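Notes for the one structure printed next.
The values are calculated or read from the model by the stated rules, or taken from the named source; none is laboratory data. Note that this is a predicted model, so its numbers are computed, not measured. So basically every Cβ, Gly included, is an ideal-geometry build from the backbone, and we count neighbours across all protein chains shown. Quick note on the areas: whole protein, heavy atoms, side chains included, nothing else; ligands and nucleic acids left out. Shrake-Rupley method; radii C 1.70, N 1.55, O 1.52, S 1.80 Å.
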Number of protein chains: 2
Amino acid sequence: MEPDFEKAGGLVPAVVQDHETGEVLMLAYMNRAAWLKTIETGKAVYWSRSRRSLWLKGETSGHVQLVREVLLDCDADTVLLKVTQIGDAACHTGYRSCFYRKLAGGDFEVIGERMFDPQEVYK
Amino acid sequence: MEPDFEKAGGLVPAVVQDHETGEVLMLAYMNRAAWLKTIETGKAVYWSRSRRSLWLKGETSGHVQLVREVLLDCDADTVLLKVTQIGDAACHTGYRSCFYRKLAGGDFEVIGERMFDPQEVYK
């Protein structure tokens, strides 16, 4: 049994959550190859829609995600990964979570914590 | 400022998380109308891809989601809702979370907690 990749053109969204704190870190997409690679290696591998290639999360930054749990939703069209985020930040902007902006009074304000300077990490 | 609905054909995924426990309850999709309705009413409204219509979550079951926080990701193409789930279950199958199956030894096993009998709720 595996996710239903055909339902939405070959990709399923993967919600990524910190295994210990429950913080939602990011959302990415997997095709079947990314799924199999993730299961095989225990490190999160996604499909980059912009680059159109497999993407080992943390390949450049070293901030890989060690997969602790893999869950599947009722319709088998979304997966949830519980991970240990190496390097403390999941977002390429240096924030711990990609969800670092919160709606407040009709606008978004930054509430996230910046863990690194992207210019230092991506040289 | 609002999510980038155009990036993926009018829809953005919405990750839905329990406001208190951090449990990820489900993933759904929003078009701009669903987004505006959610902000306006404080109750989660999605776009049903199968029915091709706006969907007030809990319309049939009464299990609405009261939206406590709305977050936007770095690319503005995914939203995260922190909600209070009325009726204790987000999934139409009666489980608290749609992610009630966990990968274990090559197969998925049910780890979720069933909060109601769907046959009693959806008559």
- Message: Going residue by residue through the stretch B:64-73, is there one that turns out to be acidic (Asp, Glu) and at pLDDT below 95?
- Response: no
- When A:Tyr100 is evaluated against the numbered criteria (1) more than 30 Å from B:Thr38 (Cα to Cα); (2) open to solvent by less than 40 Å² (accessible area, probe 1.4 Å); (3) within 13 Å of chain B (Cβ to nearest Cβ); (4) at pLDDT 95 or above, which criterion, by number, is the only one it fails? (1)
- Query: Residues of the stretch A:74-84 being touching a residue at least 24 places away in the same chain (Cβ under 8 Å) and within 30 Å of B:Arg49 (Cβ to Cβ), which ones?
  - Reply: A:Asp75, A:Ala76, A:Asp77, A:Thr78, A:Val79, A:Leu80, A:Leu81, A:Lys82, A:Val83
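Residue by residue, here is whether (1) over 11 Å from the mean Cα position of the chain (by Cα); (2) buried (at least 16 other Cβ atoms within 10 Å of the Cβ) holds:
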residue: B:Gln17; (1), (2): no, yes
residue: B:Ala33; (1), (2): yes, no
residue: B:Glu40; (1), (2): yes, no
residue: B:Arg49; (1), (2): yes, no
residue: B:Gly62; (1), (2): yes, no
residue: B:Val70; (1), (2): yes, yes
residue: B:Asp75; (1), (2): yes, yes
residue: B:Ile86; (1), (2): yes, yes
- Query: Mind checking which pairs have a first residue in the stretch A:48-73 that is of a type in the set (Val, Ile, Thr) and a second that is open to solvent by 20 Å² or more (accessible area, probe 1.4 Å) and modelled with pLDDT under 95, Cβ under 7 Å, 6 or more apart or different chains?
  - Reply: A:Thr60/A:Tyr122
- Message: For the stretch B:3-47, which positions are closer than 19 Å to B:Val83 by Cα, in contact (Cβ under 8 Å) with a residue 40 or more places away in the chain and assigned to a loop (DSSP other than H, G, I, E, B)?
- Response: B:Pro3, B:His19, B:Glu20, B:Glu23
